[in-house]
């Protein structure tokens, strides 16, 4: 869900009520943002149960630190940043063979890998979705994160800058590299 | 990233001006290789936007909300919270008038109901002891206990202002040790009285705090009854 498509009390009002021990208000924040957080985590870790665990950790961390939340930024941005960091922490700790550098340092892709591929046969829509899901999981985490926020969650680069704390040009480069790798993999499948 | 690649990426990121977009479309139209590369990337973007979204499970939502909910209060904490929670009393003139009427009627009713009441009083030490007042008449009465020690008497009665000096009206009862007692209700006031022993011997109350002459050379006991 795009960050601003909400009805009812806005996030700032719900945060203020939560700080006054109105736990129902935080429940509304959960309802409002759970889908994005769970999906973001799912795209990052590729496992539903882990995704919900990470989403829960993110919400609980936000709840505990709510008094430190500064009202000059959006709650959603703050929450997504927490969730993103939880996912990265998980990837560092749990993903076999994936070390700190793999998560934190941009991989250098051969920009010429996207060779022209002529689709010999077209994959069905469902096949494409499945293959794309798997291909996203194979992206380096930083590309994956940027690609998911941009093209799966539909965020703008400005929103992504706020959430990830990375400048727009870097994010564009990560999204570009992600797109390129995914394009290459799907093209290979089509030509198989 | 070569120039053409950059152009494709800027197109996908919607960074091109309208004029640049037209120019880009003209370029890809003339270059099948570039067009195919662009279309592959467009497919990735389009498919990514349509990936199925996962709905958070009910278990996830309920567990999470339970974790951020406050722990249940003990009955004492609930009671304390109930009695200490600040409340706002909202009222209007009609409600206030109605409440005042109810209060007035209630107070008036209360006075009507509680007119018989119990009053304790102190009286001077003596044989006449006040026990209490309890009467259903409008004017309260005080129960006064009269005591006389006469171990040898066969009967003892009392005569005074309160019974028209008729000793037959108020008899004392004997208890252990020759103590004779009677409890009589009296309105507040000042009374003179005497005990009558065996129906013939008139004696003043030896324990009375006050005595008064009877005008015939004898002394009556005096009892002040007040509330």
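Counting neighbouring Cβ atoms within 10 Å and putting the fewest first, the residues B:22, B:179, B:83 line up as B:83, B:22, B:179.
Sorting the segments A:61-73, B:215-227 by their residues' average number of neighbouring beta-carbon atoms within 10 angstrom, most packed first, yields B:215-227, A:61-73. Per-residue mean of foreign Cβ neighbours for B:59-71 is 5 (Cβ atoms of other chains, 10 Å radius). Ranked by the mean number of other Cβ atoms within 10 Å of their residues, highest first, the peptides A:8-14, B:142-148 come out as B:142-148, A:8-14.
Mean per-residue shielding of peptide A:34-46 is 3, counting Cβ atoms of other chains within 10 Å of each Cβ. Look at where the Cα atoms of the range A:47-91 and of the range A:126-192 average out, and the two centres are 21 Å apart. From its DSSP helices (H runs of at least four residues, each -39,500 (n - 2.57)), chain B gives a residue-normalised ellipticity at 222 nm of -12000 deg cm²/dmol. Each Cα pair under 8 Å and six or more residues apart adds its sequence gap; the mean of these over the residue count of chain B is a relative contact order of 12 percent. Within 10 Å of the Cβ of each residue in B:32-44, the mean number of Cβ atoms contributed by other protein chains is 5. Using 0.36 nm per residue and subtracting the Cα-Cα separation, the extra length available between residue B:103 and residue B:89 on full extension is 3.3 nm. For chain B, the mean projected area of the C-alpha convex hull, equal to one quarter of the hull surface, is 33.6 nm². Each peptide among B:106-113, B:190-197 gets the average number of other Cβ atoms lying within 10 Å of its residues, and from highest to lowest they stand as B:190-197, B:106-113.
All of the numbers you see were taken from the coordinates with simple rules; none came from a lab. Source: prediction; values computed, not measured. Here the Cβ is made from the backbone with ideal geometry for all residues, glycine too, and neighbour counts use every protein chain on show.
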